[in-house]
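Engineer: Let me give you the structure first, and then I'll get to my questions.
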Amino acid sequence: MTLRFSKTDSGRAEISSRGGKLPRTARNLLLIIDGTRAASNWVELIHGATQADVDLLLDQGLIEAARVEASRPNAPTQTLEAAVAGLNYDQLYGLLTSQAKERLGLIKGFKMVLDVEKCSGLAELQTLAVRFVGLVREVQGDGAAKKMRLALGMAG
């Protein structure tokens with residue numbers, strides 16, 4: 001479900017006329033869907049929406065596959081390493097120690113706090129912060145890792 005979709009002329013007409021008997025979730029998807037995000041992102045925004053709603057809109061010709069530009073406008077403008085470099089020792093220390101148990105669990109979190117304590121300087125702490133985001137991804141998934149990247153100052 002990584003495809004991007006946009007409204008067809010029929011889809012825009014349906015929004016204006018409300019002629020079809022679309023379920024509420026499918027109608028809400030039709031209202032907001034455009035080619036800027038993957039279908040899965042739109043489905044996540046509508047409570048109760050599923051891939052079946054996207055399929056219904058496709059089957060009725062209300063949306064179509066959108067053209068995706070070669071450049072990715074939503075691509076991060078900086079790397080995680082660059083974002084971490086913008087934080088000082090105290091900021092990194094506080095963030096890593098406060099998030100370790102919550103993000104990694106009791107045992108792995110305790111080990112991470114010990115690793116933070118072992119860091120002898122800012123450079124080691126920055127390297128550990130990058131590794132921490134990878135560990136969060138392994139334990140809690142991409143969503144939690146994205147939240148950690150944002151907490152570390154990474155835009156996007």
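The values are calculated or read from the model by the stated rules, or taken from the named source; none is laboratory data. For clarity, every value in this text was computed on a predicted model and none was experimentally measured. Using ideal geometry, Cβ is built from the backbone for each residue, glycine included, and neighbour counts are taken over all protein chains shown.
Engineer: Can you spot a residue in the range 68-80 that is without any contact (Cβ under 8 Å) to a residue 60 or more places away in the chain, part of a helix (DSSP H, G or I) and surrounded by 15 or more Cβ atoms within 10 Å (Cβ to Cβ)?
Structural biologist: no
Engineer: Just to verify a result, which residue in the range 1-18, among those that are under 14 Å from G61 (Cα atoms) and over 25 Å from the mean Cα position of the chain (by Cα), is modelled with the lowest pLDDT?
Structural biologist: I15
Engineer: Does any residue in the range 7-36 that is under 23 Å from G48 (Cβ atoms) come within less than 6 Å, Cβ to Cβ, of a residue that is part of a helix (DSSP H, G or I) and of a type in the set (D, E, K, R) six or more places away or on a different chain, and which pairs are these?
Structural biologist: Cβ pairs passing all conditions: G20/E14; T25/D53; A26/D53; L29/D53.
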